[in-house]
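First up is the structure itself, then whatever we jot down about it.
The values are calculated or read from the model by the stated rules, or taken from the named source; none is laboratory data. Bear in mind the structure is a predicted one, so any value in this text is a computation, not a measurement. Positions of Cβ are backbone-derived with ideal geometry, glycine not excepted, and every protein chain shown enters the neighbour counts. For accessibility, only protein heavy atoms count, side chains too; no ligands or nucleic acids. Shrake-Rupley method; radii C 1.70, N 1.55, O 1.52, S 1.80 Å.
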Amino acid sequence: SVLMSRDDKNGRIRVEGYQSFAVDASDDLLRVIEESEADVVVRILPGGTVVCRTVTVPRMEDDSLGEVLDLQAEAILPAGTESHRRAVCLLPWVDRRDDEYEAVALAWPGHEPDDDIDLLLGDQSLRYAPLVSCFIEILAAGDKTELSTSAFVGYLDRGTGTFDFLVRHHDKSVFRTLRFDSTNSDWIDHLERDLVETTVSAGMNPVELE
């Protein structure tokens with residue numbers, strides 16, 4: 001699938017179009033990308049390929065924050081992950097007046113996608129982004145007042161049998177990739193149960209989230 005967007009004059013992102021392609025339709029995909037004259041092409045990495053951890057740090061000045069976050073990320077992410085495959089930042093809805101800040105640390109320890117799309121793009125400016133970062137951006141673009149209570153965003157892919165989601169509730173956030181077998185008639189029930197278990201383990205109240 002391809003989502004085309006453009007920055008407007010106010011610094012906001014405007015969706016220009018969306019189109020899905022068959023797995024073997026790489027030529028059509030390349031044609032659409034070329035016709036869009038995009039400055040940058042971003043490939044979204046499936047949730048199952050990226051390690052995602054949340055971490056809290058005490059309130060501190062900006063001069064020290066970056067170094068502390070880097071040390072925290074290095075401690076909780078897989079050892080040996082190259083620096084250009086790691087990222088850590090405060091979540092955008094953090095209130096800097098709080099005693100603690102919530103941050104997200106990400107690592108992509110795997111390899112580039114095993115297909116020929118990258119080769120087809122040639123010299124096109126190509127970037128990779130984890131799916132969870134898209135979720136964060138979606139929630140960050142919403143109403144700050146709404147985010148202070150609860151918010152949910154997810155992506156279900158029956159082709160790969162994965163369900164990626166982000167739940168934000170009060171001062172807690174949780175990210176997870178659930179796997180399921182869509183050939184089973186009760187796969188939706190299994191996902192609902194795993195979703196509830198995930199929120200409970202994160203200290204959230206499923207009743208309030210409903």
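With a ≥ b ≥ c taken as the square roots of the eigenvalues of the C-alpha gyration tensor of the stretch 18-100, please select rounded if a/c is under 1.5 and otherwise prolate if a/b is larger than b/c or oblate if it is not?
On the way: a/c = 3.05, a/b = 2.23, b/c = 1.37.
It is prolate, given that a/c is not under 1.5 and a/b is the larger ratio.
Under a Cβ-Cβ cut-off of 14 Å, what is the net charge of the residues other than residue 2 that fall near it, where Lys and Arg count +1 and Asp and Glu count -1? Local net charge: -3. For residue 156, the accessible surface of its heavy atoms amounts to roughly 70 Å² (probe 1.4 Å, protein chains only, rounded to the nearest 10). Backbone geometry of the stretch 31-37 corresponds, through the Karplus equation with coefficients 6.51, -1.76 and 1.60 at θ = phi - 60°, to 3J(HN,Hα) couplings of 4, 5, 5, 5, 5, 6, 6 Hz, x marking Gly and Pro.
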